[in-house]
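Worksheet: the structure to be examined is printed underneath.
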């Protein structure tokens, strides 16, 4: 008879290896500034409990083509560490790390809930009821585009939009680089009319606004998935037909030349506060040697070279 599986909520330091029956809810690649790649994912068991998983670069080739989002599987012989990511994707205090002897068997598990999202309430964001180290899923209708910054020397593409939930709460959402470019490509396509509902995963939340992270965020725009279609259907009929407007300032930015944009002062903090994704930090246990190049910390931004340090036990 096969060995009993463990519950995600029970994972702790009491033993070294665990056997899990889970669904892979999300998987993403992280590449540091030296071009070294690792994988991270979120898995969930039949009770709906989630934990973050790290696959370091030395095991990447073994798993990169095997792991698929939304698949269900049995994972054996993984190891447990403290969830020391500065930016966390779930509440679990531990993380799973794949070892050389880790095995994973794809198997149909009907008792595990399907892939879904865990949306953060806009009211809680506006009230500051957010964990400062958490990345959140966000969904909302774009009510206005209030800032567009082009890709110019020393500046990155960023589009700032106002998102509105079904209760009428509004928050600012900053879409950087490829996320901003993707939004503008959709918005400027003449075939796309009417309301725009966006779903942003792994969003950073700070000071009542949100932003994509450099690694792991996914931006879905009016896609044919239940969450977006359900949100769209609940919008007032007149709002479903209205394309978001651009503020006079953003419209001017879009039409102006690069030279004018660079001198326009649109980056003045008094004009708009743009939250930039930040770098993650690895916190080592005392006595543990940590290679920041190989540790698997999510690199959200930053250009400092990796280094190895040892945290000495206190006397």
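Residue 64 satisfies every condition listed in (1) surrounded by 15 or more Cβ atoms within 10 Å (Cβ to Cβ); (2) within 23 Å of the chain's Cα centre (by Cα) except (1). Of the residues examined, residue 168 is not one that is assigned to a loop (DSSP other than H, G, I, E, B) and touching a residue at least 60 places away in the same chain (Cβ under 8 Å). Annotation note: of 45, 26, the sole residue that is assigned by TED's automatic domain parsing to the domain that holds residue 93, surrounded by 21 or more Cβ atoms within 10 Å (Cβ to Cβ) and in contact with a helix residue (DSSP H, G or I) (Cβ under 9 Å, 6 or more places away or on another chain) is 45. With respect to residue 89, determine if the residue is buried (at least 17 other Cβ atoms within 10 Å of the Cβ), under 29 Å from residue 227 (Cα atoms) and in contact with a helix residue (DSSP H, G or I) (Cβ under 8 Å, 6 or more places away or on another chain). It is false that residue 89 is buried (at least 17 other Cβ atoms within 10 Å of the Cβ), under 29 Å from residue 227 (Cα atoms) and in contact with a helix residue (DSSP H, G or I) (Cβ under 8 Å, 6 or more places away or on another chain). In the range 151-169, the qualifying residues are those that are surrounded by fewer than 17 Cβ atoms within 10 Å (Cβ to Cβ) and modelled with pLDDT of 95 or more, and the one that is nearest to residue 227 (Cα to Cα) is 166. Of 138, 125, 148, 112, all but one fail to be under 19 Å from residue 174 (Cα atoms), in contact (Cβ under 8 Å) with a residue 24 or more places away in the chain and out of contact with any helix residue (DSSP H, G or I) (no Cβ under 9 Å at 6 or more places or on another chain); the exception is 125.
Here residue 12 does not qualify as in contact with a strand residue (DSSP E or B) (Cβ under 7 Å, 6 or more places away or on another chain), exposed (fewer than 13 other Cβ atoms within 10 Å of the Cβ) and under 19 Å from residue 135 (Cβ atoms). Within the range 120-142, which residues are crowded, with 18+ Cβ neighbours inside 10 Å and in a strand (DSSP E or B)? 135, 136, 137, 138, 139, 140, 141, 142, listed by residue number. With respect to residue 19, determine if the residue is in contact (Cβ under 8 Å) with a residue 60 or more places away in the chain, more than 18 Å from the chain's Cα centre (by Cα) and outside the structural domain of residue 219 (by TED's automatic domain parsing). When the stated conditions are applied, residue 19 does not pass them.
The rows are residues; the columns are (1) under 16 Å from residue 99 (Cβ atoms); (2) in contact (Cβ under 8 Å) with a residue 12 or more places away in the chain; (3) not assigned by TED's automatic domain parsing to the domain that holds residue 215.
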position	(1), (2), (3)
49	no, yes, yes
53	yes, yes, yes
56	yes, yes, yes
61	yes, no, yes
74	yes, yes, yes
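The values are calculated or read from the model by the stated rules, or taken from the named source; none is laboratory data. Bear in mind that the values here come from a model prediction, so they are computed numbers and not experimental data. Don't worry about glycine lacking a Cβ; one is built from the backbone with ideal geometry, like all the others, and counts go over all protein chains shown.
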